[in-house]
Amino acid sequence: NLAVSSGTLTLGTTTTLAANTITLGAAQSQGTINVAAGTVSPVLTLRAANGTSPVTNMTIGTSLTGYGQNTTSRVDLTGGTGASTLDAVVTNLVIGQSTRTTNFSGGINTSGGLLMQSGTLTATTITLGQTLNNPTFGASGQVISGSLSVSGGTVNVGTLYLADQNWTGGTVNGIFRLDGGGALNAGTIASGTGAGTGAAVRTFQWNNGTIANRDASTDLSIGSGLAFALASTGTHRFSIGAGRSGSVASVLAGAGGTLEKAGAGTLTLSANNTYTGATTVSAGSLLVNGNQSAAVGAVTVDLGATLGGSGTIGGATTVNGILSPGNSPGVLTLAELALGPTSTTLMEIAGTARGGEYDGLTITQPDGLDYGGTLSLSLTTTFADDTTFDLFAFSGLMTGSFSNVTAMGSYGSLTFTNDGLGVWSSGPTTVTGQTMTFSQSTGNLVIVPEPAGFVLAAVGAGIVFWARRRR
């Protein structure tokens, strides 16, 4: 085991620490690992005692029973000349922890921090800020803080916990900071599982960088209760790989920068997000299921990417890729919508209840709808004459025009013709003889009774057949 209870361990150019358990700053001490000034591109490697397996337990900053003074510890790899590299494999990493069991009345602060510039930190579990046991408190507050700052390199983690509070008093702070060159690849990002009633502050300071699913076989899940703060500049990228999904239940807030959905997989935002920066869907699918009316930044969907969901989008939205409202089916509400010439709007129609059985788009700003591209309808059953589907709900005047309207499914494959005034009509279907019309000025699709000529032709054919049978 390796313990740095006090003082400083200064790293050289290449340093390997091999121990099954690594503890920094145990009890009223300030154990620190840092880089010697002037060291060129230092490398720190962390492994178990055998030199290859993961470190079983690593704790940075811990306050133990029987001590009543502050503890401050950190691993700071930001010094030296050129970026330092971390090569660490750990099963359980805890940063900022108190395990007190005895009663106390003084204000006891414990903090731990890890600052990395490049390389890789791989862990099964990382906990930022943790209290264990439940001592009795006096009047003074106790603050336990754990922080992980990633300005470069990659953190690969199964589960990242912020602020695991098990006390009835005191405050636990869990802070993750992600900057431009950094990446966080995770399975789960969540609040600590402790049931304590003391205060817990869970901060995700997202200045720049990428959050992704951990690997090709793992989805990403971000739970509720985390305070995501997006910086006013930079790109905040969610990258979800092909065949994988990501879900975010915490509120994304802040002045914005750009939020980007990258990767071929699907990301779902379910919280009532308030960030005010732009949103770009550059690949894969973004489903907005929360009320993002306060997220007023512009939204752009690139060619080949998809926007969907049953929530509300507060910013002006431009679609050059695919717009597929709902979650099969549903209604997506947008402040303004511009459908580019390369866009395809997919509408699923399986019944007569808007949102529950067929897709819809609601535009809240007057004169906020600009048609373009292709409207593609997918019908899974047939309907009675004069059934009307309110596909586009809007007020004021619309602009633009679809270049193509098609339908497929229960009525066969249909191509519509524009009368030049924005009314698209199909020919009689081979299934029911009905026709369909879509009016751009109303946004409605209507099932039209079969034309009289079609009925007469059918009757005539029946008479000829009967006459032949009589001969």
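Some values worked out for this structure:
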{"quantity": "Kirkwood-type radius of the range 174-327, with distances r between different C-alpha atoms, in Å", "calculated": "15.3"}
{"quantity": "Residues listed by number, the range 253-267, amide nitrogen under 15 Å from ALA294 label point at 7 Å toward C-beta", "calculated": "253-256"}
{"quantity": "Cα long-axis angle, helix 452-470 against the chain (0 to 90 degrees, to the nearest 10)", "calculated": "60"}
{"quantity": "In order through the range 34-45: 3J(HN,Hα) via Karplus (6.51 cos²θ - 1.76 cosθ + 1.60), integer Hz, x for Gly, Pro", "calculated": "9, 10, 5, 4, x, 5, 8, 6, x, 10, 10, 10"}
{"quantity": "Charged-residue dipole, Cβ positions (Lys, Arg, Asp, Glu), the chain about Cα centre, Debye nearest 20", "calculated": "880"}
{"quantity": "Nonlocal amide H pairs with THR300, under 5 Å, H built at 1.01 Å", "calculated": "THR279, THR280, VAL281, THR318"}
{"quantity": "Spacing of the two label points (7 Å from each Cα toward its C-beta) at VAL40 and ALA353, in nm", "calculated": "7.1"}
{"quantity": "The range 321-448 - share of DSSP beta bridges that are antiparallel (%, nearest 5)", "calculated": "40"}
{"quantity": "Magnitude of the charge dipole, the range 337-387, Cβ model with Lys/Arg +1 and Asp/Glu -1, debye to 20", "calculated": "120"}
{"quantity": "Distance histogram for the chain (every C-alpha pair counted, 10 angstrom bins, percent rounded to whole numbers)", "calculated": "4, 18, 22, 18, 13, 10, 8, 4, 2, 1, 0, 0"}
{"quantity": "Computed E for ASN134/ASP87 - FRET, C-beta separation, R0 60 angstrom, nearest 0.05", "calculated": "0.95"}
{"quantity": "Computed P(r) (all Cα pairs; the range 318-366; 10 Å bins; percent)", "calculated": "30, 48, 22"}
{"quantity": "ALA216/THR382 FRET efficiency (R0 35 Å; Cβ-Cβ; nearest 0.05)", "calculated": "0.25"}
{"quantity": "HN-Hα J in Hz across the range 271-286 - Karplus 6.51, -1.76, 1.60, θ = phi - 60°, x for Gly and Pro", "calculated": "8, 8, 5, 10, 4, 10, x, 6, 10, 10, 9, 8, 6, x, 10, 10"}
{"quantity": "Mean Cβ count within 10 Å, highest first, over the residues of peptides 110-120, 298-308, 186-196", "calculated": "110-120, 298-308, 186-196"}
{"quantity": "Spin-label pair LEU303/ASP370, simplified geometry with 7 Å Cα→Cβ offset, distance in nm", "calculated": "1.8"}
{"quantity": "Amide H contacts under 5 Å for GLY169, placed H, 5+ residues apart", "calculated": "GLY198"}
{"quantity": "Charge-dipole axis of the chain as Lys and Arg at +1 and Asp and Glu at -1 on Cβ define it, positive-most pick from VAL43, LEU375, ALA298", "calculated": "VAL43"}
{"quantity": "Estimated vicinal HN-Hα couplings, Hz - the range 417-422 in sequence order (Karplus 6.51, -1.76, 1.60; Gly, Pro = x)", "calculated": "10, 8, 7, x, 10, x"}
{"quantity": "Gained length - ASN1 relative to THR415, 0.36 nm times residue gap less alpha-carbon distance", "calculated": "141.7 nm"}
{"quantity": "Positive dipole terminus of the chain, leading residue within GLY180, GLY400, LEU11 (C-beta point charges)", "calculated": "LEU11"}
{"quantity": "Over 19 Å [Cα-Cα, the range 152-210], rounded percent", "calculated": "35"}
{"quantity": "Mean Cβ count within 10 Å, highest first, over the residues of peptides 348-356, 417-425", "calculated": "348-356, 417-425"}
{"quantity": "Highest average packing first - 382-391, 123-132, 326-335, 208-217, Cβ atoms within 10 Å", "calculated": "123-132, 326-335, 208-217, 382-391"}
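Readers should treat all values here as calculations from the given coordinates under stated rules, not as data from a laboratory. Everything numeric here is computed off the predicted structure, so don't read it as measured data. A quick note on method: Cβ atoms are made from the backbone with ideal geometry, for glycine too, and the neighbour counts reach across all protein chains shown.
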